[in-house]
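Written out below as structure tokens is the structure these notes cover.
Only the coordinates and a few stated rules stand behind these numbers; no lab work does. Only a predicted model underlies this, so the values are computations on that prediction, with no experimental measurement involved. Here the Cβ is made from the backbone with ideal geometry for all residues, glycine too, and neighbour counts use every protein chain on show.
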Amino acid sequence: MYQKMGIKVTPNYSPNFNLKKRLKKKIKFIIIHYTGMKTESAAIQKLQNPKEKVSSHFYIKKNGNALVLVPELYEAWHAGVSNWKKYRSLNKYSIGIEITNPGHQYGYKNYSSKQIHTLKKLLNYLMKKYQINKKCILGHSDISPNRKKDPGEKFPWHLLAKNKLSWWHGLDLKKTKKFRKIKLFSQIEKNRFFKNLNKIGYNNIKGLKRHINNKYLTIAFQRRFRQSVIDGKVDKECLLISTNLASN
């Protein structure tokens, strides 16, 4: 089934999925994760351990080879408590892709060219098969901003966007850089930034005080769309980028 992609994809099934098949049209998103574990073997074992109750549909190894852990039409357990726009519990509506990377806890690394090559092939295949819009290729931190950091600020969203495999803003970062760390003194501008985030797809996190909620959302936005500075502070550059995205 995956032979035409030009990459090595091996079945290595996990028991961690819902037994009821879902309709093809229900799949709206692809969620990208890093493993966040010390070793690749430990990560794969965890995703296949029924006691862990976690899995993904695909796994991309260090060498660029891929595993199929859960068939696409079954709901894998990768997103957890999550939301984006009107959708809640995104496991129901998404395909999850795990990529080997130790993550922020164990010495976060750049993704290898082999991993990104495989990911491009896989995304291209899945987006065509399920008619998934590039705006619906998300990171775990986008849909769970108070819980997750993956795939992190080293993930090449901009590179994928050049290949029409993800969403990016239309601004020149060299030009927007001069607005970096320039504070927003107007509450109107600050409110506009968070309205932009809601329009993009980020949702407020239930049960959190407003300033804590806003910081989590800002960090998630920066980790995705302004990766060079992640400080949780809304500056003029963030406003410009968010406005560009919200208008697309």
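So for region 8-85, Kirkwood radius off the Cα pairs, Stokes-Einstein at 4 °C and 1.567 mPa s: how many µm² s⁻¹? Don't jump to the answer; show the numbers that get you there.
On the way: Rh = 13.3 Å.
The estimated diffusion coefficient comes to 98 µm²/s.
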Using the C-alpha gyration tensor of region 191-233, what are the square roots of 5 times its eigenvalues, in whole angstrom, with the largest one first? 16, 12, 9
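If you restrict to DSSP beta bridges whose two residues both lie in the chain, what percentage is antiparallel, to the nearest 5? Walk me through the intermediate numbers first.
Values: 7 of 22 bridges.
Among the beta bridges of the chain, antiparallel pairing accounts for roughly 30 percent.
Before rounding to the nearest 500, sum -39500 (n - 2.57) across all DSSP H runs of length at least 4 in the chain and divide by the residue total; then give [θ] at 222 nm in deg cm²/dmol.
Numbers: 8 runs with 83 residues, N = 248.
Roughly -10000 deg cm²/dmol at 222 nm, from the helical runs in the chain.
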Rounded to whole angstroms and listed largest first, the alpha-carbon spread of region 23-152 along its three principal axes comes to 36, 29, 26
How would region 87-157 be classified by its alpha-carbon gyration tensor: rounded, prolate or oblate, with rounded meaning a/c under 1.5 and the a/b versus b/c comparison settling the rest? oblate
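For region 57-116, compute Rh as the Kirkwood radius over C-alpha pairs and then the Stokes-Einstein diffusion coefficient at 25 °C and 0.890 mPa s; write the answer in µm²/s, rounded to an integer. Kindly include the intermediate steps, with their values, before the conclusion.
Working: Rh = 13.0 Å.
Translational diffusion coefficient: 189 µm²/s.
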Estimated FRET transfer efficiency (N191, V81; beta-carbon r; R0 22 Å; 0.05): 0.25
Could you state the principal axis extents of the C-alpha atoms in region 142-198, from the largest down, to the nearest angstrom? 36, 31, 17
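Using R₀ = 35 Å, calculate the FRET efficiency as 1/(1 + (r/R₀)^6) where r is the Cβ-Cβ separation of V229 and Y2; round to 0.05.
0.35
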Taking only the alpha carbons of region 173-247, the radius of gyration and the largest Cα-Cα distance, Dmax, both in angstrom, are 11.5, 38
In region 3-162, with Lys and Arg counted as +1 and Asp and Glu as -1 at Cβ, which of these residues, F17, N83, S141, has the Cα nearest the positive end of the dipole, that is, farthest along it? N83
